[in-house]
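**Q** Dumping the structure here so I can ask a few things about it.
The values are calculated or read from the model by the stated rules, or taken from the named source; none is laboratory data. Model, not experiment: these values are computed from the prediction. A quick note on method: Cβ atoms are made from the backbone with ideal geometry, for glycine too, and the neighbour counts reach across all protein chains shown. Heavy atoms of the whole protein, side chains included, go into the accessibility calculation; ligands, DNA and RNA do not. Shrake-Rupley method; radii C 1.70, N 1.55, O 1.52, S 1.80 Å.
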Amino acid sequence: MCLSLRPPCAYLPRTLPRPVCPAWFFDPPKPRSPANSVRFHRVAAVAAARATAIDLSDPEWKLKYQRDFEERFNIPHITDAFPDAEAIPSTFCLKMRSPTYINNKDRVLLKVINYSSPASAGAVCIDPDCTWIEQWVQRAGPRENIYFRPEDVKAAIVTCGGLCPGLNDVIRLIVITLEIYGVKNIVGIPFGYRGFSDKNLPEIPLSRKVVQNIHLSGGSLLGVSRGGPTVTEIVDSMERINMLFVLGGNGTHAGANAIHNECVKRRMKVAVVGVPKTIDNDILHMDKTFGFDTAVEEAQRAINSAYIEAHSAYHGIGVVKLMGRSSGFIAMQASLASGQVDICLIPEVPFNFHGPDGVLKHLNYLIETKGSAVVCVAEGAGQSFLENTNAKDASGNKVLGDIGVHIQQETKKYFKEIGVAADVKYIDPTYMIRAVRANASDGILCTVLGQNAVHGAFAGYSGITVGIINNHYAYLPIPEVIAYDKSVDPNSRMWHRCLTSTGQPDFCNFYPHFSQSIKSSTKYKKNQKIS
Ligand SMILES: Nc1ncnc2c1ncn2[C@@H]1O[C@H](COP(=O)(O)OP(=O)(O)O)[C@@H](O)[C@H]1O
Ligand SMILES: O=P(O)(O)OC[C@H]1O[C@](O)(COP(=O)(O)O)[C@@H](O)[C@@H]1O
Ligand SMILES: [Mg+2]
């Protein structure tokens, strides 16, 4: 089957025999655009920095790589700074039966596919032969011994960044689990990191009674914010807090790691544990982050509305903009789930609006052949077409231009110019999606993550976060999950499945002139640097 066809091919039947596919299809290049080349450079820089120490001609390189991996994914523990910290038997006990514990040596396998070649879809290889190297990370869960006496614990929870379905579910389970361990002093920090420094925002006392039903609504019981005090100010104001649960995305986790480091520097015995919250799903190594499933489900509803509007109008075109600053996961998954999208545009895959290979030309084709069309665009896509204001939000995130409005305007202009009627409707459901309560699968994920965050803190780990990896739960050191933003691999099976579903061509005449062998692909080059 041939996916990702350029427009001339797109008019051919979909069941093309393989030879009809252009050669470059079988060797798809990594797309580049001004926006995502920055990202790729960052990825490459990180990989190269790690790779410099590895010499593939060294017969022991595999062993050394494995050792380096183990070191990187080793999670910090209270005993690193306090070797004399006393371990006591766990106070975590269930009413009905005694809990089963996790052994400190239990591990979860991070990569489960043994790629035979760098050309395999989605392959991530360390050397050109794709040598199989086991990469193990720490299994999450309750330990038999704990490093905090529940009566000495003051636990705080803070939620930062933008909203995400499931925040209340995680808060709820952290509080409930802390109480099961016997903790009485539990507080919420109001409005993100800001709550640490704003004297007008007192701590919120939390208990099972307070949190019992909070998961029934979206948002965060504690409130969220961007920006706020410095790490020094945060640690200065932590007073008696010796367990800090931080719910947030990459920015929040960078803050949490800095808080952990500052506590170690000041010789404060504090466990700082993150729970990744990002609706964009851009945290590394995890199957997904909580709220993502719910977001996709809600996004589908917006797409369905756009479809109905477009389908019911004469030459209707529905445009839906979904979240995703630098990663197109929601747009890709929602497009796949809905099956109603004709064009899906994400930041990772460059596109042209105009010209023979452009989005507008294909929209005209869709209007001619189908009578209507639906476009789903991720907010970070096509930013190079918009004015760069260099504006930043309070957290330092780039303020993006509205690509949805741009598509709507350009589409109207184009159809007017070619003298074809078109009725263009634009839907931006961003804040509606973020504010809903978690669906059942996210509710379960939040429950498990919340519990494991508490187990991690009691086990004495700090500067860690918790995530689902290949359907198991693991603790990871924070720097490893925020080294760069996770993004959609345009060479992955999932993106190709999305293209199969939409039937869209490549909107970039860049591709045909780029038919190089796999040896020039980004991943291969990265691996070459290693050798
Ligand atoms: N590199 C950083 N170091 C310390 N704190 C940070 C850093 N980046 C962001 N933060 C703080 O983390 C919080 C959330 O960051 P933000 O980028 O808005 O959301 P998210 O955590 O979802 O990425 C903000 O209060 C911000 O000030
Ligand atoms: O308007 P706000 O609050 O700045 O949020 C907008 C942003 O929030 C997001 O939904 C995700 O933000 P977070 O990384 O904080 O979860 C982005 O996709 C979007 O750009
Ligand atoms: Mg972020």
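**Q** Given 371, 380, 443, which one is within 15 Å of ligand 2 (Cβ to nearest atom) and open to solvent by less than 60 Å² (accessible area, probe 1.4 Å)?
**A** 380
**Q** Only one residue in 306, 331 is within 12 Å of ligand 2 (Cβ to nearest atom), buried (at least 20 other Cβ atoms within 10 Å of the Cβ) and of a type outside the set (Asp, Glu), so which one is that?
**A** 331
**Q** Within the bounds of region 245-267, is there any residue that is of a type in the set (Val, Ile, Thr), within 16 Å of ligand 2 (Cβ to nearest atom) and touching a Leu at 6+ places or on another chain (Cβ under 9 Å)?
**A** no
**Q** Being among the hydroxyl-bearing types (Ser, Thr, Tyr) and surrounded by fewer than 21 Cβ atoms within 10 Å (Cβ to Cβ) is the filter; apply it to region 182-215 and report the residue that is modelled with the lowest pLDDT.
**A** 197
**Q** So is residue 306 small (Gly, Ala, Ser), closer than 17 Å to residue 163 by Cα and touching a residue at least 40 places away in the same chain (Cβ under 8 Å) or not?
**A** So residue 306 fails the test.
**Q** While we're here: Scan region 223-251 for residues that are open to solvent by 10 Å² or more (accessible area, probe 1.4 Å), touching a helix residue (DSSP H, G or I) at 6+ places or on another chain (Cβ under 6 Å) and more than 9 Å from ligand 1 (Cβ to nearest atom) and jot them down.
**A** 237, the sole residue that qualifies.
**Q** Counting only residues that are within 21 Å of the chain's Cα centre (by Cα) and more than 24 Å from residue 251 (Cβ to Cβ), give me the helices (runs of 4 or more DSSP H) lying completely in region 361-463 with at least 2 of them.
**A** The helices (runs of 4 or more DSSP H) meeting that bar are 440-458.
**Q** In this structure, is residue 418 touching a strand residue (DSSP E or B) at 6+ places or on another chain (Cβ under 7 Å), under 30 Å from residue 314 (Cα atoms) and either open to solvent by 40 Å² or more (accessible area, probe 1.4 Å) or assigned by TED's automatic domain parsing to the domain that holds residue 317 (or both)?
**A** no
**Q** Restricting attention to region 117-130, does a residue exist that is under 25 Å from residue 258 (Cβ atoms) and outside any helix (DSSP H, G or I)?
**A** no
**Q** What residue, of 185, 200, is away from ligand 1 (no atom under 16 Å from the Cβ) and touching a strand residue (DSSP E or B) at 6+ places or on another chain (Cβ under 9 Å)?
**A** Of 185, 200, the one residue that is away from ligand 1 (no atom under 16 Å from the Cβ) and touching a strand residue (DSSP E or B) at 6+ places or on another chain (Cβ under 9 Å) is 185.
**Q** Before we move on, is residue 190 farther than 28 Å from residue 471 by Cβ and not aliphatic (A, V, I, L, M)?
**A** In short, yes.
**Q** Could you list, in sequence order, the residues of region 253-279 that are open to solvent by 10 Å² or more (accessible area, probe 1.4 Å), part of a helix (DSSP H, G or I) and either among the polar types (S, T, N, Q) or within 14 Å of ligand 1 (Cβ to nearest atom) (or both)?
**A** 254, 255, 257, 258, 260, 261, 262 - these are the residues of region 253-279 that are open to solvent by 10 Å² or more (accessible area, probe 1.4 Å), part of a helix (DSSP H, G or I) and either among the polar types (S, T, N, Q) or within 14 Å of ligand 1 (Cβ to nearest atom) (or both).
**Q** Just a yes or no: is a residue in region 88-103 open to solvent by less than 70 Å² (accessible area, probe 1.4 Å), over 22 Å from residue 179 (Cβ atoms) and in contact (Cβ under 8 Å) with a residue 24 or more places away in the chain?
**A** Within region 88-103, not a single residue is open to solvent by less than 70 Å² (accessible area, probe 1.4 Å), over 22 Å from residue 179 (Cβ atoms) and in contact (Cβ under 8 Å) with a residue 24 or more places away in the chain.
**Q** Kindly provide the set of residues from region 387-408 that are more than 14 Å from ligand 2 (Cβ to nearest atom) and without any contact (Cβ under 8 Å) to a residue 40 or more places away in the chain, ordered by number.
**A** 387, 388, 389, 390, 405, 406
**Q** Checking residue 186 against (1) assigned to a helix (DSSP H, G or I); (2) more than 16 Å from ligand 2 (Cβ to nearest atom); (3) not small (Gly, Ala, Ser), which single condition isn't satisfied?
**A** (1) is the only condition that residue 186 fails.
**Q** Hey, another quick one. So which of 115, 193, 101 is more than 16 Å from ligand 1 (Cβ to nearest atom), of a type in the set (Phe, Trp, Tyr) and either assigned by TED's automatic domain parsing to the domain that holds residue 238 or more than 30 Å from residue 55 (Cβ to Cβ) (or both)?
**A** 101
**Q** For region 463-504, which positions are within 16 Å of ligand 2 (Cβ to nearest atom) and hydroxyl-bearing (Ser, Thr, Tyr)?
**A** 465, 484, 487 - these are the residues of region 463-504 that are within 16 Å of ligand 2 (Cβ to nearest atom) and hydroxyl-bearing (Ser, Thr, Tyr).
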